[in-house]
Amino acid sequence: SQQGEEDPQALSIQEGENATMNCSYKTSINNLQWYRQNSGRGLVHLILIRSNEREKHSGRLRVTLDTSKKSSSLLITASRAADTASYFCATAHYNNNDMRFGAGTRLTVKP
Amino acid sequence: GAGVSQTPSNKVTEKGKYVELRCDPISGHTALYWYRQSLGQGPEFLIYFQGTGAADDSGLPNDRFFAVRPEGSVSTLKIQRTERGDSAVYLCASSQGQALGTQYFGPGTRLLVL
């Protein structure tokens, strides 16, 4: 069963704008990861944030984690057309060995 | 040195046939995962290997699905008596060390059951 749920399901913005995607989950996590997928094929890892961390940055990406609300957000600043893709959050839990993915947010950045 | 590779890229088969999907993980990665992804959905966990053993196969939908990793490297996902509902992209990922870390995904095998 899937664990993380992304919001919104789809997002369309203009190049240069910021994009924010949210992820909610249900049970305690070890870490939460964000992935990107182009054209329905392999996923690319973006950021891993551990349960004891609140914020992480990587280039134009900023991820926050609020364990009290069981939610995370991914912010892409100064978006580019090449950022067009589907973005997934995946939660890793203490009591099992796998990660659970949400249904993803489909981001479209218009040039 | 590459990343995770999967073969074939695409597989078309008829209902009732047997298929095998192969995954070559990154060299040295002890953890290997199989996922299934349907159109518009996120990857759905199938099975996780740590070394040669299946540490968690709770995601396999039924006994028509089976996976092996006999030497702790290459893995094969086997589907017997395929059904049209098995059509999906099958993704493989590997990671270093224990589970829960960063996973590196292959390009997937797109399976179509006619």
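So here's what we get for this one:
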read-out: Where N is the number of residues in the protein assembly as shown, Cα Rg divided by 2.2 N^0.38 Å; value: 1.01
read-out: At R0 = 30 Å, FRET efficiency that the Cβ-Cβ distance of A:A78 and A:S28 yields, to 0.05; value: 0.30
read-out: B:T102 versus A:R60: modelled label distance in nm, points set 7 Å from Cα along the beta carbon direction; value: 2.0 nm
read-out: Highest to lowest packing among B:49-59, A:7-17, A:101-111, scored as the average C-beta count within 10 Å; value: A:101-111, B:49-59, A:7-17
read-out: Net charge dipole size for chain B [Lys, Arg +1 and Asp, Glu -1 on Cβ; Debye, nearest 20]; value: 340 debye
read-out: Å³ per residue enclosed by the Cα convex hull of region A:38-111; value: 109 Å³
read-out: Dipole of chain A, positive direction: furthest Cα of A:M21, A:G59, A:L75, with charges on the beta-carbon; value: A:G59
read-out: Cα-derived Rg to Rh of chain B, Kirkwood definition; value: 0.94
read-out: Estimated vicinal HN-Hα couplings, Hz - region B:38-43 in sequence order (Karplus 6.51, -1.76, 1.60; Gly, Pro = x); value: 8, 4, x, 10, x, x
read-out: Amide proton proximity set for B:G108, modelled H, under 5 Å, gap of 5+; value: B:Q6, B:C92
read-out: With every protein chain in place, region B:39-111: carbon and sulfur % of accessible area (1.4 Å); value: 46 percent
read-out: Debye, to nearest 20: dipole size of the protein assembly as shown, +1 on Lys, Arg Cβ, -1 on Asp, Glu Cβ; value: 260 debye
read-out: Protein heavy-atom accessible area occluded, B/A pair - total, 1.4 Å probe, Å²; value: 1800 Å²
read-out: Residues of region B:1-99: accessible area per residue with a 1.4 Å probe, Å²; value: 47 Å²
read-out: Dipole magnitude of chain A about its Cα centre (Cβ charges: Lys, Arg +1; Asp, Glu -1), debye to nearest 20; value: 120 debye
read-out: 10 Å Cβ neighbours from other chains, averaged over peptide B:41-52; value: 5
read-out: Straight-distance crosslink candidates among lysines, where the alpha carbon sits under 30 Å from A:K70 and sequence neighbours closer than 8 are dropped; value: A:K26, A:K56
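The values are calculated or read from the model by the stated rules, or taken from the named source; none is laboratory data. Because the structure is predicted, anything quoted here is derived from the model rather than measured. Note: ideal-geometry Cβ built from the backbone for every residue, glycine included; neighbour counts use all protein chains shown. Calculation scope for accessible area: heavy atoms of the full protein, side chains included, ligands and nucleic acids excluded. Shrake-Rupley method; radii C 1.70, N 1.55, O 1.52, S 1.80 Å.
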